[in-house]
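Please read the structure below before turning to the comments.
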């Protein structure tokens, strides 16, 4: 057995000669070899392989829950104290996974934030390669203006925003409004592929109008119908709003079919839809998958592991969520993260309020399209898989 | 103007209230807001946006050059001092970009290492989801055994190894041998998608034989011909060796065609081929692009920027390489990295030795397939692009 | 100049020695050569090239119009006289293009028929590789049962039926009903790829029920939403009914957007949608494209030529249609064919009845997916293209 | 039972009222109905369904064999008597399947012809959307000039020619030369998608030069290597010649691997390769599949049925071929056709000449890509499948 050897160089590389199985005793020659590695900016595999090439994914992130009430209260405070405008661009406050060093990353690849806009405020126009969406858990009255097309935002609506489209926000009401932003900021940060441009300083009057449906919905929001006037689109969906009424009905239909004995659900009591690009049937955004899950009162989902990470927001109902070793009671608006390869299961529980349907409604987004595009996706419903090494 | 406010919490989040344009003076209320962010594990966008969403990619890596002579000398020392075997798995020593905190990452997504095997040694069998390849700049005599198929390695040969294939190495000669390993270890580490399994402890006698061509080459190594006995393959190429004689001839053909007035080169004096999967015509590995470039004596390439990063190794000849602000003279075996969006240009220069062709031969690998799969790829031949923000 | 030479053999090949430019005088030797060709079942290119390889497509079909009133009257007569049952399978009466030798082919690749079902009748279950759809120009009350899923049929509904699905029809009302069948029967006949199987003799009671929406619509009929409970589907759309209300609204939306100055139409006054597979965004059937066009009152479409052929049915309104040299006044239910590379233009005209919207509504189906899959598609808006040879 | 009723109209439609199962007795009313169908150009399904929608494909073509010696002799005669030049374009003589009405169609979709060029002759430049290839069973000396690139033709070489490329032939030797042309002429004729243009009247001197390798081979003929100077290509392969030496070696490699116990063959003694587009790994032409099969001496292939049709040419060796009910002894150059869904098996037999390898070498082309693109492909190794209806 040997003593660790401290580096004496100024290289950023710092090596200890013994951090690996089957390594020899530390001799002066071996020490000299490691100092040579440091000097030449080299790192041996044999001391790193356990961390770099584990038997299965061991996420650097941890499961964590954020309470909606706390988020909204802080966002409202920010609404009073912090202006929104050019430079800062958005009054958005991001979830920072406690194991990711204080960075504003919900998971290693996903950004999730609460955004808050005061009455009459505009968030200025810009565009970026980062793919984004908005999901509305409460309130209404803000319009997102995408390429000149004003899109209303109401509870339950999902608004994807493919990269490199100009967009701004406008609150035309007398109330503040909060919603959730999801983006692939961490992913593009890590892979270093981001571009950003400022847009116009002011929206036009026409863009501050408040049509009930956006132009994108009038072109693309009809089931199974593609407008012939539009040629190639994308990457990313041309449909800028997925209205709550359709999502709600699709989920109700699945649960009703299950009750009639015709299947339709993922597992008993678990209805789910994926938001898709009507031009391709694929994910709405190249790097982000978005889904909505409804767990009927009393139902429980089987634990599932997946490569890649997810963020969930409780849209309605109440229940218990288990991610790896963590279990939480959740209620409307709460957000939680599922790191890569951590098993997730969810139970729907009756809330005190008997007037509701009792179903637990969950919005989800994940980085799954990245893994599928690169053939790196794996899913397991076996708790024991990959736990040995 | 305001004074920065130090955090007093134990949260990993540490915020300063003023790091953004257009921010208000620091008041007790604002301070309280930021402490609330820290407590709830939240980070505002407005203090981070400049770093997270830059006008164009600003790589966390820097251009750097490693000299082959130094690498080989240290690898030979390791051959004497450090055993290769189960646990450490490979005598591979990785390039550590000086700006990446001492991690064994050549760039944020790419791993590049020199591997060294002593006479008679075996590197034990394993498999992993990380995609890998070997490129041989000098020597011969090692066989890589992939799924029971022994593949010889000689100077100039390129040997891709798609993820999750069993593989081992065997040096059947009386000389040590060194080569380059390239993998997507950092990419899979950051996205947390890695699996790994140990294989058999010993190769069979049949696997230690030394056929001139691997079985994969006998099935897949004929131009424009696909074996009907093989159904769906991949992800990743089924051809396990791309022999130097073919690469060399393809490059010579391009330069000859250019001289005859028939084009064929990328730009004057610059021949180049991409290694491709014969079953798809696409990149050999889902996450790694590999190419070979030949710059005729005296020719110079136009500067190009690309999203994503590359590692180059000089295979032959001599020249000058400019990456961003850095310029180096390079010669056989030298390795250098090109971070995302840094312009690269290369000039071929006559070496002292007049016996050679004078061409500068460069092997390259990059993470381009990731960007193309996700539609995040951009290329610019304009020096000024994206420099403003 | 030479005299044609009659064949004296019994070979099916019959050749005349002089049917080509630049041919020599007919000598005994030349005659002997042609008799040799016949004997050996050979045909020279030089006498056939003008027909086989024309400068542009010259369809063997001709433009033709069928009047709905005549079709329906004959179908009703057939309802009285001809039973529907096993063996004949369907009371379907097909359009026979007058230039296709009396075969039941509307065009060389497309089948179009009126089908008629009496009160209480069933058309027996079968399946076939031919892709099919139904389109309803009037009436309601019939259910198509596809794989056990009863799908109602009402005016304006479009019901695609991908190959190899079991299906039957059931008229549960007290009125007869007529609709249009479209299939790729001629295409599969020419390429010889058809399979066919008889199904059960009787539908179950559950399949004779009359839900308002089919199960396929409850799973797949929500805009931009994909059910997670269903894995890979197809070839062919999983959505079995495209209801009139959605088609109508999509077309109205386009014309309204045009009037607001926001585009949305194919050309002025011409709204159009394609029926698409929600799982892929592509055509509903691998060999058939289906569309709906609305020409606003007074509008006229620019002439267009396309490779491949189409069948149109007037759904509503009145107008004038020009196909090549033919021009017809058309009204509800009328069917016409557009052969390959014949220019088509349509004008919408006010009917006598001022109560309607005045728009001319046209359902269309074509073989375009075949040409696109094989990269043989061409479109021209230039009347003169390809007319020279 | 009823008496057939003759038509009295001048419509191309001719109907007999009783040609279907379950039809009623012929009454005056029924007769009137059928006359109405004829008058309106309508044909009922129930009299046609057995022919149009059979239980499995029943080809209108029949198996047939053409002897090479006869073809070559007639082609040589044509060389003496019939000039080649503008208008007739090519001295090509096509196989006419005896069941296809004397049309120059080897099968309903495939054209196969022997082409013959005298010493010093040119076949003039043209282009067409029809996809084409040349395969050389004997001789050498002709160059095909494709887009200005002269491509030599020698025994065993395969030369694909994607649609809409300019091409001409030039015989620079003092001997006549014959080869086989394969095209999709019948397919494009039936689907009516053909375009054709005349090219220049004369080749340039540079195009009459005789390089050993074409420029396309120098760019694309290196295994697993793609030239970076070329962007998007196709549809159809950019490689204009697949040389015999590579095909021969690939087949020998497969048989050798089989003998070593490593598989590699389709079935015992049966090696086979598909010619593929190096840019995609797919078929060389959008509508034509081309393959080379080697049956070792004494081996026999298992019977296989496929949707779609094939033409085979014996390249070398001798054997017995069975297609449906027909069996032939075949030898070098002989051509035979396999209609859709007819089972094929082949036995290799020692020829009298003991000096050869005894293997039976077969070139094949088929319309399989059409069926695969449209998901209409089926294969069966079960003799009994689909024989019942």
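Hey, what angle do you get for helix D:28-39 against the long axis of chain D, alpha-carbon based, 0 to 90 degrees rounded to 10?
Approximately 30 degrees, to the nearest 10.
Identify the residue of chain A whose Cβ lies closest to the rotation axis that maps chain A onto chain D, and give that distance in whole Å.
Closest to the rotation axis on chain A: A:232, 7.
Using r as the Cβ-Cβ distance of residue B:155 and residue D:350, and R0 as 41 Å, what FRET efficiency do you calculate, to the nearest 0.05?
0.35
Using a 7 Å offset from Cα along the direction of the beta-carbon, what are the separations from residue C:155 to the same position in each other copy, nm, ascending?
Nearest to farthest, the other copies are at 4.0, 7.5, 8.5 nm.
As a check on your grasp of the helix formula, calculate [θ] at 222 nm for chain D: sum -39500 (n - 2.57) over DSSP H runs of n ≥ 4, divide by the residue count, round to the nearest 500.
The per-residue figure over chain D is -5000 deg cm²/dmol.
Say we join alpha carbon atoms closer than 10 Å with springs in a Gaussian network model of chain A; which of A:136, A:266, A:26 then has the biggest fluctuation?
A:26
Based on the Kirkwood radius over alpha-carbon pairs, what value in µm²/s does the Stokes-Einstein equation return for the translational diffusion coefficient of region A:30-104 at 37 °C and 0.692 mPa s?
So the translational diffusion coefficient is about 192 µm²/s.
Working from Cα positions, state the angle (0 to 90°, nearest 10) between the long axis of helix C:68-81 and the longest principal axis of chain C.
For helix C:68-81, the angle is close to 80 degrees.
For region C:72-93 and region A:211-264, compute the distance between their C-alpha centroids and round to whole Å.
The distance from the Cα centre of region C:72-93 to that of region A:211-264 comes to 39 Å.
What's the exposure ranking of A:327, D:322, going from fewest to most Cβ atoms within 10 Å?
A:327, D:322
Run the numbers for residue A:14 and residue A:260: contour at 0.36 nm per residue of separation, minus the present Cα-Cα distance, in nm.
Result for the pair: 82.1 nm of gain on full extension.
Enter the mean number of other protein chain beta carbons within 10 Å of the beta carbon of each residue in A:245-254, as an integer.
For this peptide, the per-residue mean of nearby foreign Cβ atoms is 4.
Using the beta-carbon distance between residue A:80 and residue B:51 and R0 = 35 Å, what value does 1/(1 + (r/R0)^6) give for FRET efficiency, to the nearest 0.05?
0.85
How many Å³ per residue does the convex hull of the Cα positions in region A:219-287 occupy?
101 Å³
Assuming a ≥ b ≥ c are the square roots of the Cα gyration tensor eigenvalues, decide whether the protein assembly as shown counts as rounded (a/c under 1.5), prolate (otherwise, with a/b larger than b/c) or oblate.
Verdict is oblate for the protein assembly as shown.
Taking the label point as lying 7 angstrom from Cα along the Cα-to-Cβ axis, what are the distances from residue A:202 to the corresponding position in the remaining copies, in ascending order and in nanometres?
7.1, 7.7, 8.4
Over chain C, what per residue volume does the convex hull of the Cα atoms give, in whole Å³?
Dividing the Cα hull volume of chain C by its residues yields 185 Å³.
Mind computing the radius of gyration and Dmax over the alpha-carbon atoms of region C:217-259? Å is fine for both.
Over region C:217-259's Cα set, Rg and Dmax evaluate to 13.6, 41 Å.
For region D:155-228, report the % of Cα-Cα distances exceeding 16 Å.
For region D:155-228, the fraction of Cα-Cα distances above 16 Å is 69 percent.
What is the Cα coordinate range of region C:64-220 on the first, second and third principal axes, sorted by size from largest, in whole angstrom?
45, 34, 29
I want to verify a result. In a Gaussian network model of chain C, Cα cutoff 10 Å, which of these has the top mean-square fluctuation: C:25, C:181, C:277?
C:25
Rounded to two decimals, what is the ratio between the C-alpha radius of gyration of region D:244-380 and 2.2 N^0.38 Å?
The reported ratio for this selection is 1.04.
Which one, A:203, A:374, A:251, has the greatest fluctuation when you compute a Gaussian network model over chain A with C-alpha springs under 10 angstrom?
Comparing A:203, A:374, A:251 in a Gaussian network model of chain A, the most mobile one is A:374.
Taking neighbour counts of Cβ atoms within 10 Å as a proxy for exposure, in what order, fewest first, do D:49, A:180 appear?
Fewest to most other Cβ atoms nearby, the residues stand as D:49, A:180.
In peptide D:133-142, how many Cβ atoms from other protein chains are near each Cβ within 10 Å, on average?
Mean inter-chain Cβ contacts per residue within 10 Å come to 0.
With angles folded into 0 to 90 degrees, how steeply does helix C:244-259 sit against the dominant principal axis of chain C? Use alpha carbons for both and round to 10.
80 degrees
So if the hydrodynamic radius of region A:160-292 is defined as the Kirkwood radius over C-alpha pairs, what does Stokes-Einstein give as its diffusion coefficient at 25 °C and 0.890 mPa s, in µm² per second?
Reported coefficient: 138 µm²/s.
Values quoted throughout were computed directly from the atomic coordinates according to the rules given, and no laboratory measurement underlies them. Since this is a predicted model, take the numbers as computed values, not measurements. Backbone-built Cβ (ideal geometry, glycine too); neighbour counts: all protein chains shown.
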